[in-house]
Structures are given as structure tokens and as C-alpha cells.
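Undergrad: If you scroll down you'll find the structure; I have some questions about it.
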């Protein structure tokens, strides 16, 4: 593993403007990783013990839709956060993630970062606020795509049913 520096993290769009002490804490929990095309980074339902900031390449988020197979629901690319399920119990991935091509990323140990969030509420708030902005943007993008897909009512109904069922009937 290659050591990740504070300055390298500071250049990533997700972390831009974060105070140096907070970047130091993240650097202590980070490593530089690469994945080859086709590599499955995580599986839907698996334990969310890590998260990534993409430096290059693209990752497809997918969902197994009964009767349809895997459906790509989003693409995560350079400058973006991969993985949101690591911060909140039960720490299980809501989707799967597979590399569309070669990917280089900063990989973070979720337990270490959660511990730092608990020990330093200002750090925790800042990181959570950044993560929530990502989640909100992705929900809006997903909503737009679902509306556009409404031309295929059978598929849209099946996808909506699957998402509701996996959310425990919420929403």
C-alpha cells in the first residue's frame, strides 16, 4: 500500500476546503488502491467496511432486479465518493459496485473514520455534511432517470418495488 498524503487528499474534489487537521485524520485511515476493469469492489448486502474517493476511472453501481438481472443505476467517476453505507448501521451495501475500467482510488478504513467522527464531533459533522450532499444529489439524479424510464412501465414498477422492498418498505 502506498501512503496517502494530506496534500493528495486536499486536491480531491470531495475533500476540497477541508481543514488540514481533518485531512490528517483521513490520511491516517487511507491507502492508495487500484482495481482492474471488471473487478467487483463490493456486493449488495455485503459489509460496508470501507469507502473510496475515486481518482481515475469509473465504477458502476448496480442492483439485482428480480426477473431482469443486474441493472446499472448510477456511475461514479473521477472526483467522486464511492460508498455511503459505511457511516450508518447496519453497515451493509445497498447496491453493488463494479469497475467499468481501471480505477485508482483512495480507500478508507470505515471503522477508523467512524471512531474519529465519534471522538471529534466537528470532524464528524463536516464529513457527514459532505456525504449527505452526495446522497441528496444522487437521489435527485436517480429520480430523474426513473422519470425518464417511465416509458417502460413494467421495468420501472419492478425496479420501484425492488427498491422499496430492500428499504424495508420505507419510502
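Undergrad: Please go through the range 7-26 and pick out each residue that is within 26 Å of residue 96 (Cα to Cα), surrounded by fewer than 19 Cβ atoms within 10 Å (Cβ to Cβ) and out of contact with any strand residue (DSSP E or B) (no Cβ under 6 Å at 6 or more places or on another chain).
TA: Within the range 7-26, 13 is the sole residue that qualifies.
Undergrad: Residue check: is residue 51 closer than 23 Å to residue 138 by Cα and crowded, with 17+ Cβ neighbours inside 10 Å?
TA: Against the criterion (closer than 23 Å to residue 138 by Cα and crowded, with 17+ Cβ neighbours inside 10 Å), residue 51 qualifies.
Undergrad: Would you be able to tell me the number of residues in the range 86-106 that are in contact with a strand residue (DSSP E or B) (Cβ under 7 Å, 6 or more places away or on another chain), surrounded by fewer than 20 Cβ atoms within 10 Å (Cβ to Cβ) and closer than 21 Å to residue 23 by Cα?
TA: Within the range 86-106, residues that are in contact with a strand residue (DSSP E or B) (Cβ under 7 Å, 6 or more places away or on another chain), surrounded by fewer than 20 Cβ atoms within 10 Å (Cβ to Cβ) and closer than 21 Å to residue 23 by Cα number 1.
Undergrad: Only one residue in 131, 82, 127 is under 17 Å from residue 12 (Cα atoms), crowded, with 19+ Cβ neighbours inside 10 Å, touching a residue at least 12 places away in the same chain (Cβ under 8 Å) and under 12 Å from the mean Cα position of the chain (by Cα). Which one?
TA: After applying the criteria, what remains is 82.
Undergrad: Considering each residue of the range 134-168, count those that are part of a loop (DSSP other than H, G, I, E, B) and either under 18 Å from residue 85 (Cα atoms) or modelled with pLDDT of 75 or more (or both), and give that number.
TA: Adding up the residues that qualify gives 2.
Undergrad: Would you confirm whether or not the range 62-78 contains a residue that is surrounded by 16 or more Cβ atoms within 10 Å (Cβ to Cβ), closer than 11 Å to residue 42 by Cβ, within 14 Å of the chain's Cα centre (by Cα) and modelled with pLDDT under 95?
TA: Looking through the range 62-78, at least one residue is surrounded by 16 or more Cβ atoms within 10 Å (Cβ to Cβ), closer than 11 Å to residue 42 by Cβ, within 14 Å of the chain's Cα centre (by Cα) and modelled with pLDDT under 95.
The values are calculated or read from the model by the stated rules, or taken from the named source; none is laboratory data. What you see is a predicted model, and the numbers here were worked out from it, not measured in a lab. So basically every Cβ, Gly included, is an ideal-geometry build from the backbone, and we count neighbours across all protein chains shown.
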